[in-house]
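The values are calculated or read from the model by the stated rules, or taken from the named source; none is laboratory data. Only a predicted model underlies this, so the values are computations on that prediction, with no experimental measurement involved. Using ideal geometry, Cβ is built from the backbone for each residue, glycine included, and neighbour counts are taken over all protein chains shown.
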Amino acid sequence: MEKYKFIRYLNGLASKEEVRQVEQWLEKPNAAEELEDLMEASWEAIEPVGDAQKLDQLLEGVHRKINVEVRNKSRKGSLREMWWPVTKVAASIALIGLLAVLVYQQINHPVEQALQEELKVFSRHTGPGQKMKLRLPDQTFVVLNANSTISYQSDFGRKDRKVSLEGEAFFEITPDTQRPFKVMTNDVVTTALGTAFNAYSRNNQVKVALTEGKIKVETSGETNGLNSVVIQPGKMVYSTGTEDLGLNVKDFDARKVTAWKEGRIRFKSKPLKHVVRDLQKWYGINIEINGKINTNRKVSGVFDNESLENILEGLSFSLGIKYEMQENEVIIKK
């Protein structure tokens, strides 16, 4: 059994799976002996600066806690003598507590720092033309747009709720007044208690559009403009990445801004150049127009949950154009 799992177990930070593993392990017949060996090895590795006295105090405190008289307080005494007079569960708890303290002293830095070193980063990514629906550990619902990445650390939800976003995503936040939800996009931080909003971050441009609730948007970058704002539904905060401008606020059309997450794309007498711009945004892909193509030609159409290739097929048929797909780029030509 790994040391760090005991530390997490003792501090109430273990996952359900880790708790199950620790408690199952304690049921093993040789758990006492293995714990003793691990503890003695940890103790021997500590620099001796009043250690014997400290161990005596620790043993005394642990035994006092489980109402067992200490039978041997000497550092050189066998720890096995303190195992048998007590119940298996009580002794296990005592040994785990002592082990955590010994490991804490051995590594010579706080348990929290040791745990910090063990943190992992979980990421989900979508490619061109892909969308993904997912639930975060706190049950927050996220729709991730194409060519986008969302990531969070393995301690998400313990002290705070933070995610990093590159690309675009729609969030429906699970309320938690003790741990506000934060979305990190470049140097812009969006904080929400319980709400729904669309966040966009590409090419140093950040846009946060609120559909429900209330959010606070801040920028950590140096700016001569607005660097913090609280908005209501129907408002969008945007940053162009230009220091002089800071954060800006404007109204937005929720049907247009969040249409991508529903997979519905509608064009009504819209110039081809604007259609191309929207397709780039929705599918996270670069589209180049080559040749003598009239980009002001109007386009109309409705596409429900169609792939980018199907939409391009429809445009090529109606406009008499051709297209070529190359990884993250589309070329439209005559």
Residue pairs within 6 Å by beta carbon, gap of at least six or interchain, first lying in the stretch 282-304 and among the acidic types (Asp, Glu), second modelled with pLDDT of 85 or more, listed first then second, are Glu288/Ile331
Wholly inside the stretch 244-333, helices (runs of 4 or more DSSP H) that include 3 or more residues that are within 37 Å of the chain's Cα centre (by Cα) and not charged (D, E, K, R) are 272-283, 308-319
Of (1) surrounded by fewer than 16 Cβ atoms within 10 Å (Cβ to Cβ); (2) in contact with a strand residue (DSSP E or B) (Cβ under 7 Å, 6 or more places away or on another chain); (3) closer than 25 Å to Thr211 by Cα, Asp253 satisfies every one except (2)
ask   = Within the stretch 286-293, can one find any residue that is assigned by TED's automatic domain parsing to the domain that holds Gly129 and surrounded by 17 or more Cβ atoms within 10 Å (Cβ to Cβ)?
value = no
Subset of the stretch 215-239, residues of a type outside the set (Gly, Ala, Ser) and exposed (fewer than 15 other Cβ atoms within 10 Å of the Cβ), comes to Glu222, Asn224, Val230, Gln232
Restricting the stretch 127-156 to residues that are among the hydrophobic types (A, V, I, L, M, F, W, C) and in contact with a helix residue (DSSP H, G or I) (Cβ under 6 Å, 6 or more places away or on another chain), the one modelled with the highest pLDDT turns out to be Val143
